[in-house]
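Below: the structure, in structure tokens.
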Amino acid sequence: MPRNLIRRNRAIDPTANVSRSSSLRLCVPAGELPLSLPHRSTLLPPLGTDPCVDDLEYPDLHHARAAQGWLELDQAAEAVLELDQISLPGRSRPEVLDLAWRVHVASRDWQTAYETAARIVEIAPWLVTGWIHRSYSLHELRRTREAWDLLLPAADRFPTNSLVPYNLACYACQLGDLAAARQWLRRTAELKGTTELQRLVHDDPDLEPLREEVAGW
């Protein structure tokens, strides 16, 4: 459908497919990925793991919800238009930056995604999502060594988050350090369980060199 028709026909409600409870808080079951994001290899935090747009005030809340709705409809350009209507102070909030990062990922704009994630880490270093987003973006930019180096401190900062060791294992494996990859996969198994880890590794091309080995754990 042409963009001008979409913009005029607001009967196509971007929030229509977003439930007015948990989904508006950008939440999905743990371990799942939003459909609009590429599941290339390493895992991403579920929507709503930390930042929550429901903490915004109107009209910023309305635009953030609309942007999320457009994103779930795989209309990243429309999501950008909604984000552009959020106030300048609102755009600097981590929950809005988190949403903006996901829009950039959906658009495959990895450089802007990296810069947005770096901003999240700068203003809200206590949120694990920024750390994971930043390294994920670098990995997609084929800057995996930097992705590893920048995510490594997060293992101590967020010792109960399973995405950090899992992504570190992916980066280590791609860098050829299988010993380190095994170490971080063992840590992931402690947090998520061996069966769940085996399921993830089975479908992850970044961990293909260790797939058979992990299947036997």
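Quick note: the coordinates plus some simple rules give every number you see, no bench work behind them. It should be emphasised that the depicted structure is a prediction, and the values quoted were computed from it without experimental measurement. Virtual Cβ from ideal backbone geometry, glycine too; neighbours counted across all protein chains shown.
How would you rank 182-188, 140-146, highest first, on the average number of other Cβ atoms within 10 Å across their residues?
Top to bottom by mean Cβ count within 10 Å: 182-188, 140-146.
With the convex hull built on the Cα atoms of the range 67-145, state its orientation-averaged projected area in nm².
Approximately 4.9 nm², given one-decimal rounding.
So which chymotrypsin sites (Phe, Trp or Tyr not before Pro) in the range 102-183 pass both tests, a DSSP loop state and at most 11 other Cβ atoms within 10 Å of the Cβ?
Listed in order of number, the matching sites are TRP126.
So what's the gap between the Cα centers of the range 171-217 and the range 122-140, to the nearest angstrom?
Taking the Cα centre of the range 122-140 as reference, the centre of the range 171-217 is 21 Å away.
In a solvent-free Debye calculation with one equal scatterer on each Cα, what is log10 I(q)/I(0) for the range 162-217 at q = 0.14, 0.16, 0.18, 0.25 Å⁻¹, listed in the order of the q values?
The Debye formula, applied to the Cα set alone, gives -0.26, -0.35, -0.45, -0.92.
Which order do SER135, SER92, SER162 fall in if you start with the one that has the fewest other Cβ atoms within 10 Å?
SER92, SER162, SER135
For ILE86, ILE132, which order do you get if you count the other beta carbons within 10 Å of each Cβ and list the fewest first?
ILE86, ILE132
What percent does the relative contact order of the range 164-217 come to when contacts are Cα pairs within less than 8 Å and at least six residues apart?
Answer for the range 164-217 is 33 percent.
Over all alpha-carbon pairs in the range 95-217, figure out the percentage whose distance exceeds 22 Å.
Within the range 95-217, distances greater than 22 Å cover 34 percent of Cα pairs.
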